[in-house]
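The values are calculated or read from the model by the stated rules, or taken from the named source; none is laboratory data. Just so it is clear, the structure is predicted and the values come from calculations on it, not from any experiment. Cβ placement follows ideal geometry from the backbone for every residue including glycine, while neighbour counts extend to all protein chains displayed. Only protein heavy atoms, including side chains, enter the accessible area calculation; ligands, DNA and RNA are left aside. Shrake-Rupley method; radii C 1.70, N 1.55, O 1.52, S 1.80 Å.
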Amino acid sequence: MNLWVCIPAVLALIGLRFLKTHILGWLAAWWICVFVILKFGMVPPMPSSIIGLYVAILTSVLLLYLTSDTERMSQAGNFLMRFFGERKFAPYLWTAAVLIPLLAGTNAYLAASKEVEAPASGRTIHPAPPGEMTFKGKKIDLIKASNPFRELETKDPTAFETHVAAGRKVYYQNCVFCHGDNMEGDGIFAYGYDPLPANFQDPTTIGMLQESYLFWRIAKGGPGLPEESTPWSSAMPAWEKFVSEDDIWNVILFLYRFTGQKPRAQEKAE
Amino acid sequence: MMRRNDSTCVSTFRIFRATAIYAWVGAVIGFTSANAGDMGTEAQRQAGKQLYNSKCSQCHGETGDGKGDGAEYFRPTPRIFTSGTFKIRTTESGELPTDADLRTVIKRGMPYTGMPAWPKFSDQDLMNLVYYIKTFNSDFADSTNKPKSIELPKAPAMTQESITRGKQLFAENKCLDCHGKLGRGDGESGPTLKDDWKNPIRPADLTKRWTYRGGSTREDIYRTFMTGLSGTPMPSYASSVAEKDRWPLVDYVYSLSPGDQPGYATMVLAEFSPTPLDISKGKALFATAKPAVFPVVGQVVEDKRNFFPGVNAVEARSMYDAENVAVLLTWHDMSAQKTGSNTPVTVIRPVGDTTHPIYSDAIALQIPAKNPDGVGKPYFLFGDKRNAVDLWFADLVKGQPQLFVGKGSGNVSPAEGAVSMRSGYQDGEWWVVFSRKRQDGKHMPFDEGTFVPVAFSVWDGFNAETGGNRGVTSWYSIYLKPSHTESPIVPAGKQAAACILIEAGVIWIMRRRVHGQAKVSPAEKAKI
């Protein structure tokens, strides 16, 4: 959210509460403020189709507000009658009559002369994992599976450290090229792949996932993704072809260690 | 004190001279001030060590020997801190860098190498790291050898005269022996170059300043000229280029790149040609077509991974006529490999086979074999079982393209089809023109107003790339801009006319109502 836009817009609406405004001015102020928030106040920007949808809802709500009260209606009606009928409003009327088609025409002109852009494809970043998977012929239940070395963290810290160190080696010989030295998804080849590699320092990636989910994503890679996650463009290799089961669990330990994040806990079976 | 720099006699002489001067200065002041190299406090070095072992040792090694776990997967190889040889410095050729130099390199990283930028390190972190890195080479603690920056002036305004003069100097100073006539890194001696550790090293492609290891500003280039890149064949020109000639040389090199950024594209725009395309014109045919540059990175996903691809970008242009579509691909390659052969098929060589086959340079253009159903596409690396890809493969030894169908990296087989091709190599750049009928009923059609998915693979024969070992791109697209498009005036006019009509209606209705009300007499109004 861009607070520099949103706060003034909200303040303007609050200020409006204390002013005696003509109903049409009031409606226009609401319409403009909400539009400005939707169009310029959102980071990242919303698609124009969504903005259009919200604006349509907004317009109908404002119209409903206007028509739900006879006093408001007559206030608006009287003004419109005067605007169209009285001589002193004639210059404004004719200026508006010229400006509106001009603006609409310019808008259409700009839209039509826009350069074509490659179609963007949306994708689901964290799709639902399957219930179970096979790893080199061995069935793994992804709902129950947990990192076999995780318990060493408390039981045998020395052994745990050797697993983390092994994971570190795996990371810097296999993953670093895309996911980067600092795990921010900016390795030396990252810029050439689309979608971009995951940024593990981002708290919404591995911090929100269970270790078994990571195991599935690492073992099956891009080709193992469901359709909604565009498996045809992901450069994530199916690591089961290159590294052992133990090494995948090791590298998972290292990912959490290096980023200081914690895996999401396994849901307790009721 | 002495460090080797056998790149040129000039710089060796410089070191001798510098040594002599320092020895003399040291003798004079050495007794009066015990100015030991600033190695920080024990606590600072310990803090640096902790950071180093967490973020740096995986490549540079725990002992600073440049042999960390990841070291063998990067070219250029990680810096060997024990050597005391550093590329990017503000000090004279062969000298140690200053603390600020080391901090700057860590903070900025070295573009297009395994050394990332570390903008998140605080000044404190950087200082501690530098103190620790300096413990790897005893010269840093040597009080008689304090690194001193040379004078680096601010860049003056750049002029056309300066660039023209620089071009002349570029030839006179034999820059083109390594960097090539047009600066594409294709000089004659390029393929033979080695660094101080006998690793092959490539001359910089000066037409891509975003890849310059020491930064891309004119000041950065000036610094490289004055200090050289120690450990590499790039010498210092401090003594061989007169002061008045330095900025002209910088300006010429700077002018070789199109901009600060590569400006990577996401699609190729193909315009309609009313006259039939004659691909025998080669590159010249595409003079007016809009270029689109795509990044090429190592294929590190499937078997026979390539961690240091020889090519880092490919430029594409496209045009079409009533019958055919043509695509021009160009890319920089330091040395054309015009002997041997190549193939997109990964050939598993028998264990113990120590022969070194010669691989020629090659490129492949990849499109889906059929119009993809729905939004899906074939897998970007040579397709998959369900969705196949067509490969237009050009082994640049041969004058004819070879066609392949890919159903996955392990399942690439020769195919039938009619694709024509022209190719050539000049001044460090390959160009290939492919042409095919837009519709032949059997392959992916190139229809007006549609996006055809396209991806590329490049093999650098000099880099022994073949099969899976190659440079690749993601999926992009070729868009055939319709041959007849209406002017944007038309929709604009329609919109405006519609608005005027509605307005006229509204005004008419409102005016009628206003007049109708006016006719009602005040007496009647009062009744209401």
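Things worth noting here:
- Matching residues in the stretch A:208-258 - criterion: being more than 25 Å from B:GLY298 (Cα to Cα) and among the small types (Gly, Ala, Ser): A:SER212
- Flag if B:GLU219 is part of a helix (DSSP H, G or I), open to solvent by 40 Å² or more (accessible area, probe 1.4 Å) and out of contact with any Pro (no Cβ under 7 Å at 6 or more places or on another chain): yes
Here's the yes/no breakdown for (1) touching a residue at least 60 places away in the same chain (Cβ under 8 Å); (2) surrounded by 12 or more Cβ atoms within 10 Å (Cβ to Cβ); (3) over 28 Å from A:GLU228 (Cα atoms):
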site	(1), (2), (3)
A:CYS33	no, yes, yes
A:ILE51	no, yes, no
A:TYR54	no, yes, no
A:MET73	no, yes, yes
A:ALA97	no, yes, yes
A:PRO127	yes, yes, no
A:PRO130	yes, yes, no
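- Condition met for A:GLU184 (open to solvent by 30 Å² or more (accessible area, probe 1.4 Å), in contact (Cβ under 8 Å) with a residue 12 or more places away in the chain and outside any helix (DSSP H, G or I)): yes
- Filter pass, B:GLU486 being acidic (Asp, Glu) and more than 7 Å from chain A (Cβ to nearest Cβ): yes
- Of all the residues in the stretch A:198-222, those that are part of a loop (DSSP other than H, G, I, E, B) and surrounded by 22 or more Cβ atoms within 10 Å (Cβ to Cβ) number 1.
- Candidate set: the stretch B:260-287, residues that are of a type in the set (S, T, N, Q) and assigned to a loop (DSSP other than H, G, I, E, B); chosen: the one nearest to the other protein chains (Cβ to nearest Cβ): B:THR266
- Residue in the stretch B:432-446 that is within 14 Å of another protein chain (Cβ to nearest Cβ) and part of a loop (DSSP other than H, G, I, E, B) present: no
- Selection status of A:THR154, under 24 Å from A:MET46 (Cβ atoms), β-branched (Val, Ile, Thr) and either in the same structural domain as A:PHE200 (by TED's automatic domain parsing) or more than 29 Å from the chain's Cα centre (by Cα) (or both): no
- Residues of the stretch B:355-383 satisfying the condition of being under 15 Å from B:THR466 (Cα atoms) and open to solvent by 20 Å² or more (accessible area, probe 1.4 Å): B:THR355, B:HIS356, B:PRO357, B:ILE358, B:TYR359
- Failed criterion for B:ARG386 (all others in (1) under 20 Å from B:LEU480 (Cα atoms); (2) in contact with a Pro (Cβ under 9 Å, 6 or more places away or on another chain); (3) open to solvent by 40 Å² or more (accessible area, probe 1.4 Å) hold): (1)
- Subset of the stretch A:230-262 that is under 18 Å from A:PHE160 (Cα atoms) and in a loop (DSSP other than H, G, I, E, B) - its residue that is least open to solvent (accessible area, probe 1.4 Å): A:GLN261
- The set of residues in the stretch B:182-209 being touching a residue at least 60 places away in the same chain (Cβ under 8 Å), in contact with a Gly (Cβ under 8 Å, 6 or more places away or on another chain) and open to solvent by 40 Å² or more (accessible area, probe 1.4 Å) consists of B:LEU182, B:ARG184, B:TRP197, B:ARG202.
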